[in-house]
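See below for the structure under consideration.
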Amino acid sequence: MQKPMQKTSLDTRFSGNKSIQEFLPFGLVFLLAIFLFFYQLDSESLWNDEVFSIRDANNIRSKFLISRPLYFFLLHIWMQLGTSEFWMRSLSVLFALASVGLIYVLGQRLDSKATGVISALLLTLSPLFINHAQEIRMYALGTCLGLAGTLALTIALQERKIAPLFAWAIARWLMFVTAPLNIALIFADFLLVGLQFWRHRKLLFMFGVSALFLGAACLPTFLITAKGSGDVLLTWAQYQPRPGLKSLPGMLTRFTIWSVKPPFNIAGLGWLINAYTLVLVGIVIFLIATKPWKSSAGWIILWWFIPQAAVFVVSHLTSSLWVERYLLFTAPYALVMLAAGFTRMWKWKWPIALGIVILYSIVVGGGLFRYYATSHRSDWRGVVQTISKSEQAGDHIAIHANPTLFKHYYRGSAPTQFMDIVSKKRLPEEIDQVLEDIPAFDSRLWLTYEHTAFVDEEGHDRFRQAVVDKFTLQEKQEFEDVDLFLLTPKSE
């Protein structure tokens, strides 16, 4: 009997080269993600929510008594090694990089290796995702844990294994205590398990056990969140516009090319964004036309549509929660869905697919350029640096903004007055009352005024004019979304 041939060192080398070649596309995408996520990480000032995160991480014991404790607990540990803005923001970068790896594996499992690579590339190039990867907030972690739970359930559904069901429950629980709204994913989870496991009683039973564990683990956080959600729904959220019929396809555009601002600061290019949105809708329709539900590729549509539909309904029953960062946890599934549709379109008519690549390159290039080249956060760091550099003995400071952010940066000793924030309408009598409440001063007053998205330019102009009418203007500087006035008392 002839002995089987043993692999030579040359065979092993070729085998290793093949493995490297197979991994190379994703490896290049991952290196690009490292570069983009760390690039200009600390170039902009912190914004309000980031300072709230630092505050909650410093008060971690009390944070465990309210909702969303996981991220703040991890940030508290992270801050023991450093408190620079770069270091604190880098925690979210790690979770964002993990998300790139998870979406690659998920896309590969649900459809194909090409879908996995393209999904990872879309997530890496998403200006919106980069924005949240570069901030001291829980959204990158929530997205990462959502992907981990979805991947665990995918393995359980595909391989009919029990152990991944418990991994799913743990990941979904950790996701919930990071960002409670993300639990909307379980509606798709339950539907898929019902469709796939209804003939497998043992697996269905074990899923039920895992779901009971999940419910019990989430209950304390759910009760705390439900009790405190009224503050959000009755204040900030009530100013958010309710989603319309265009919101679902519009979110596809925002997930792929948007950041805080549109990809182009040119009014005449609105048609290009609309055309791009129609192309994305066409890709989704094309994917549906290929009947992906005959394989696991169809599952991704449910993980995209059902959670967004749930948030859509809630936004019409209460105050609107249709906000990009709240919906970020659904972005990976939208991107895998688009990648799966694109790979099928490439096989069908590659010239059409190539045209889509060119269009995407133009609009995502505009989005990335605007994200990195322009400021999109209120520049409180610059404001405080200017005051600290030029303040004199006897100066006073008046802040028309949330005081937390100013206190984070300011280390001086000038008396500081935090004015009541004028309402959305910026009525003249409201402005006059706020300015009247500023304590009398003999020398100079530094007064800051922060713009908000809820107020039109006329409201901002009314405030600026009221300041000039009441005081003598010595100097005015404009920072990103913040006006800084140097004032003296008006002479009698």
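The values are calculated or read from the model by the stated rules, or taken from the named source; none is laboratory data. These figures come from a predicted structure and were not determined experimentally. For neighbour counting, all protein chains shown are included, and Cβ atoms are generated from backbone atoms with ideal geometry for every residue, glycine included.
Take the conditions under 15 Å from PHE463 (Cα atoms) and modelled with pLDDT under 85 and apply them to GLU436. Does it pass?
No; evaluated as a whole, the condition is false for this residue.
Considering every residue within region 29-52, establish whether at least one is modelled with pLDDT of 85 or more, in the same structural domain as LEU94 (by TED's automatic domain parsing), at positive phi and touching a Phe, Trp or Tyr at 6+ places or on another chain (Cβ under 8 Å).
Yes, that holds for at least one residue.
Looking only at region 439-492, filter to residues that are modelled with pLDDT of 90 or more and of a type in the set (S, T, N, Q); which one of those is farthest from THR416 (Cα to Cα)?
GLN465
Is there a residue in region 136-144 that is crowded, with 24+ Cβ neighbours inside 10 Å, over 24 Å from ALA57 (Cα atoms) and assigned by TED's automatic domain parsing to the domain that holds TYR360?
No.
Whether any residue in region 423-430 is in contact with a helix residue (DSSP H, G or I) (Cβ under 7 Å, 6 or more places away or on another chain), within 22 Å of ASP395 (Cβ to Cβ), among the polar types (S, T, N, Q) and surrounded by fewer than 17 Cβ atoms within 10 Å (Cβ to Cβ) is what I want to check.
There is no residue in region 423-430 that is in contact with a helix residue (DSSP H, G or I) (Cβ under 7 Å, 6 or more places away or on another chain), within 22 Å of ASP395 (Cβ to Cβ), among the polar types (S, T, N, Q) and surrounded by fewer than 17 Cβ atoms within 10 Å (Cβ to Cβ).
Has region 350-363 got any residue that is crowded, with 19+ Cβ neighbours inside 10 Å and within 23 Å of the chain's Cα centre (by Cα)?
yes
Which one of these is in contact with a helix residue (DSSP H, G or I) (Cβ under 8 Å, 6 or more places away or on another chain) and free of Cβ contacts under 8 Å to residues at least 12 places away in the same chain: ILE352, ILE358? Walk me through how you get there before you give the answer.
Numbers: ILE358 fails: in contact with a helix residue (DSSP H, G or I) (Cβ under 8 Å, 6 or more places away or on another chain).
ILE352 is the lone residue from the list that is in contact with a helix residue (DSSP H, G or I) (Cβ under 8 Å, 6 or more places away or on another chain) and free of Cβ contacts under 8 Å to residues at least 12 places away in the same chain.
Suppose we filter ILE285, ILE306 for residues that are farther than 14 Å from ASP111 by Cβ and either out of contact with any helix residue (DSSP H, G or I) (no Cβ under 7 Å at 6 or more places or on another chain) or part of a loop (DSSP other than H, G, I, E, B) (or both); which single one remains?
On the way: ILE306 fails: either out of contact with any helix residue (DSSP H, G or I) (no Cβ under 7 Å at 6 or more places or on another chain) or part of a loop (DSSP other than H, G, I, E, B) (or both).
Residue meeting the stated conditions: ILE285.
Is it fair to say LEU145 is over 23 Å from SER361 (Cα atoms), touching a Phe, Trp or Tyr at 6+ places or on another chain (Cβ under 7 Å) and of a type in the set (A, V, I, L, M)?
On the way: over 23 Å from SER361 (Cα atoms): yes; touching a Phe, Trp or Tyr at 6+ places or on another chain (Cβ under 7 Å): no; of a type in the set (A, V, I, L, M): yes.
It is false that LEU145 is over 23 Å from SER361 (Cα atoms), touching a Phe, Trp or Tyr at 6+ places or on another chain (Cβ under 7 Å) and of a type in the set (A, V, I, L, M).
Against the definition (hydroxyl-bearing (Ser, Thr, Tyr) and closer than 14 Å to LEU102 by Cβ), how does THR178 come out, yes or no? Walk me through how you get there before you give the answer.
Details: hydroxyl-bearing (Ser, Thr, Tyr): yes; closer than 14 Å to LEU102 by Cβ: no.
No, not satisfied.
Could you list, in sequence order, all residues of region 61-109 that are assigned to a helix (DSSP H, G or I), more than 21 Å from LEU145 (Cα to Cα) and at pLDDT below 95?
ARG61, SER62
Mind checking which residues of region 87-97 are hydrophobic (A, V, I, L, M, F, W, C), without any contact (Cβ under 8 Å) to a residue 60 or more places away in the chain and closer than 20 Å to LEU31 by Cβ? Reasoning before the result, please.
Step one: filter region 87-97 for residues hydrophobic (A, V, I, L, M, F, W, C), giving 87-88, 91, 93-97.
When the remaining residues are screened for being without any contact (Cβ under 8 Å) to a residue 60 or more places away in the chain, the result is 87-88, 91, 93-95.
If the condition is that a residue be hydrophobic (A, V, I, L, M, F, W, C), without any contact (Cβ under 8 Å) to a residue 60 or more places away in the chain and closer than 20 Å to LEU31 by Cβ, then VAL93, LEU94, PHE95 are the ones that fit.
Can you pull out every residue in region 392-405 that is surrounded by 15 or more Cβ atoms within 10 Å (Cβ to Cβ), under 15 Å from LEU445 (Cβ atoms) and either within 33 Å of the chain's Cα centre (by Cα) or not hydrophobic (A, V, I, L, M, F, W, C) (or both)?
Answer for region 392-405, where residues must be surrounded by 15 or more Cβ atoms within 10 Å (Cβ to Cβ), under 15 Å from LEU445 (Cβ atoms) and either within 33 Å of the chain's Cα centre (by Cα) or not hydrophobic (A, V, I, L, M, F, W, C) (or both): ASP395, HIS396, ALA398, ILE399, HIS400.
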